[in-house]
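These notes concern the structure reproduced below.
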Amino acid sequence: MAAIQILPGIYSVGAVDWKIRNFHGHTYTTSRGSSYNSYLIIDEKITLVDAVYGPFAQELIDNIRQIVPLDKIDYIIANHVETDHTGALPILMPLCPKAKIFGTLKCQEGLFRHYYKHWNFQVVKTGDILELGKRTLTFIEAPMIHWPDSMFTYCPQDALLMPNDAFGQHYAANEQFDDQVDAGVLMEEAEKYYANILWPLGGVILKKIQDLQKLNLPLKMIAPSHGIIWRQDPNKIINAYLSWAKGEVKEKVVIVYETMWGATKKMAEKIAEGLSGAGMEVKIYDIGQSDRTEVITQMLTAKGFLFGSSTHDNDMLPNIAAFLEIVKGVRPKGRKIGFFGSYGWAGGAVAEMQETLKDCGAEFMAEAIAFKYLPDESEFMQCLEFGKSFTKFLK
Ligand code: FEO
């Protein structure tokens, strides 16, 4: 991707990663790739906001050189220390001899622990203002959105917010702006990003957005460091974040199961019949064959979850076990959970699933069902009733 002007004197100089399919060490499947956005501001002080992932350093350098020689860069803003936004710095910094880096204290500590370089670094705090010439940049610390060091950078003259990971999406595209891409796909990727990276941090996110709204900052553009820039209606993504952070949900249940010989699968489908008959939207996933990132995304707006497993060695099966570890980390406060399963000579899966999630913050339905081998007709009717009971439990 070449450098592209996004506002007069401000250029997108980052890189599109069309190939990446697993992000964050396989915790996030990026089926549409991603991008590492970096913004170059041409003013009396030439400023780069965020760098890119290390393997894309040359692309960043080439893009900057289309606009200015690297040795003209005065300032580099490091909104976030994570490698996908700073990995290029060890290559970039020797080419920018006068550049000073600005970031939070945690960012300074983190940068050193990542690269062990003594770069010229100035710690900034919320409300600090950096004069660039015609423009200024205001820094807003945003700890735990999503790392302790995270911050946002705001340019009042352009009503431009550069919030790094927040409001981003893993979405590779040649297009830059929300009005140039499919709105449905864009929101799908933004929701996936929130669900899989930010869900446990909803309380912090809600407070930060509400604090920013009180400041009444003019906002014409939100330029995150992954994916597409919001300019058509920046409030669209802010309102979506508010809804997700408040835990607003639909009349929807996500059933996730793993099955050995098909009995648990049949139970899941019969339970789903009970839920659908009671007016619930239902999504069913065999977690042994499903994309975990997609399942977590569907769970974000679901009122309840049902987890099922066959019993093996008195325990749940391994794919559902791994998935429930992710659910535990998401800390789905305010949601309701039920459990079901099948077994041969002895049970154990339901109890193990409950044990894994006991401190996740969700409420369990007291009744769980588990049947020996393949349920008979009367037991399948109990599955149907279980679905109806779970619907009542959600009310
Ligand atoms: Fe995109 Fe937290 O790094």
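Derivation of every value follows stated rules applied to the coordinates shown; laboratory data play no part. No experiment lies behind these values; they were computed from the predicted model shown. Glycine also receives a Cβ, built like all others from the backbone with ideal geometry; neighbour counts cover every protein chain displayed.
What the table below lists for this structure:
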read-out	value
Around Lys192: net Lys/Arg minus Asp/Glu count, Cβ-Cβ under 11 Å	-4
Part-to-part distance (alpha-carbon centres) for segment 343-385 and segment 131-183, which is given in Å	45
Cross-link pairs Lys250/Lys372; Lys72/Lys192; Lys117/Lys214; Lys45/Lys208; Lys252/Lys358 - those with Cα-Cα distance over 27 Å	Lys250/Lys372; Lys72/Lys192; Lys117/Lys214; Lys45/Lys208
All-pairs Cα distance distribution in segment 242-299, expressed in whole percent, bin size 5 Å	4, 17, 24, 21, 19, 9, 4, 1, 0
Listed pairs Lys207/Lys395; Lys266/Lys395; Lys134/Lys246 exceeding 31 Å between Cα atoms	Lys134/Lys246
The chain, relative contact order [Cα under 8 Å, separation at least 6], %	11
Mean separation of Cα contacts under 8 Å, 6 or more apart, over the residue count of segment 75-135: relative contact order %	35
Cβ-defined net charge surrounding Lys208, 12 Å radius [Lys, Arg +1; Asp, Glu -1]	0
Cα gyration tensor shape of segment 207-347, rounded if a/c is under 1.5, else prolate or oblate by comparing a/b with b/c	prolate
Under 9 Å, Cβ to Cβ, from Gly133 - net charge with Lys/Arg +1 and Asp/Glu -1	0
